[in-house]
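The values are calculated or read from the model by the stated rules, or taken from the named source; none is laboratory data. Note that the structure is predicted; figures quoted are calculated from it, not measured. Because the Cβ atoms are built from the backbone with ideal geometry, glycine has one as well, and the counts that use them run over all protein chains shown. What goes into the accessible areas is simple: the full protein's heavy atoms, side chains included, and nothing from ligands, DNA or RNA. Shrake-Rupley method; radii C 1.70, N 1.55, O 1.52, S 1.80 Å.
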Amino acid sequence: MAIKVEMMPNTRIAFVRQVGPYGPMNIQAMEALKKWAKAKNLLDGSSILLGIAQDNPETTHPENCRYDAGIVISDDYRIDPTDNDIFETELAGGHYVTYEVKHTAEDIQKAWADIFPALYYSGYQMDNKPIFERYIGDMLYNNYCEICIPVKAL
């Protein structure tokens, strides 16, 4: 498994939240975000979109799991107060292990099975921040993403 460690800055994002079991509803949240971002001229070839699983489904009841579909926005961008379903936050920076993967159910499952042993052998452990999928530029349209896991040294 080819993983890389990246130092990410704190990042301001606009997001749509979906609450409930992870799965097909996450796609609807991402589509709603993309529709909003396109209408605001925020969606182009340099956009960075994020799929953020806020809760661990092994410790949080599925009906309470939160998924945020987000887009990186500049510090000076102001969200229109009439955009009721759009929220903003700052994603915590720090060290992240990233792994590029084809965004299919089979490849994502394999990645999750491989990531944690690879983390251990590379001298890292998970940090207490959300894991997310990152789509940079054309990745979203080419069915690829990066799984980004917050880490700290063992």
Given the conditions (1) assigned to a loop (DSSP other than H, G, I, E, B); (2) within 14 Å of E6 (Cβ to Cβ); (3) not hydroxyl-bearing (S, T, Y), report the number of the one that N142 does not fulfil. (2)
Exactly one of these conditions fails for Y135: (1) exposed (fewer than 11 other Cβ atoms within 10 Å of the Cβ); (2) under 20 Å from N26 (Cβ atoms). Give me its number. (1)
Among the residues of the range 99-154, write down those that are more than 28 Å from G45 (Cα to Cα), free of Cβ contacts under 8 Å to residues at least 12 places away in the same chain and hydrophobic (A, V, I, L, M, F, W, C). A113, F116
Could you tell me which numbered condition L154 fails, if it satisfies all but one of (1) of a type outside the set (S, T, N, Q); (2) open to solvent by 60 Å² or more (accessible area, probe 1.4 Å); (3) touching a Pro at 6+ places or on another chain (Cβ under 8 Å)? (3)
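Restricting to the range 108-120, and then to whatever is open to solvent by less than 80 Å² (accessible area, probe 1.4 Å) and not aliphatic (A, V, I, L, M), can you tell me which residue is farthest from the chain's Cα centre (by Cα)?
P117
I need a count of the residues in the range 138-151 that are at negative phi and open to solvent by less than 80 Å² (accessible area, probe 1.4 Å).
Kept after step one, since they are at negative phi, are these residues of the range 138-151: 138-142, 144-151.
Still in the running and open to solvent by less than 80 Å² (accessible area, probe 1.4 Å): 139-140, 145-151.
The total comes to 9.
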State which residue pairs qualify: first residue hydroxyl-bearing (S, T, Y) and inside the range 16-27, second residue open to solvent by less than 70 Å² (accessible area, probe 1.4 Å) and in a loop (DSSP other than H, G, I, E, B) in any location, beta carbons under 6 Å apart, and separation of 6 or more residues or different chains. Y22/C65
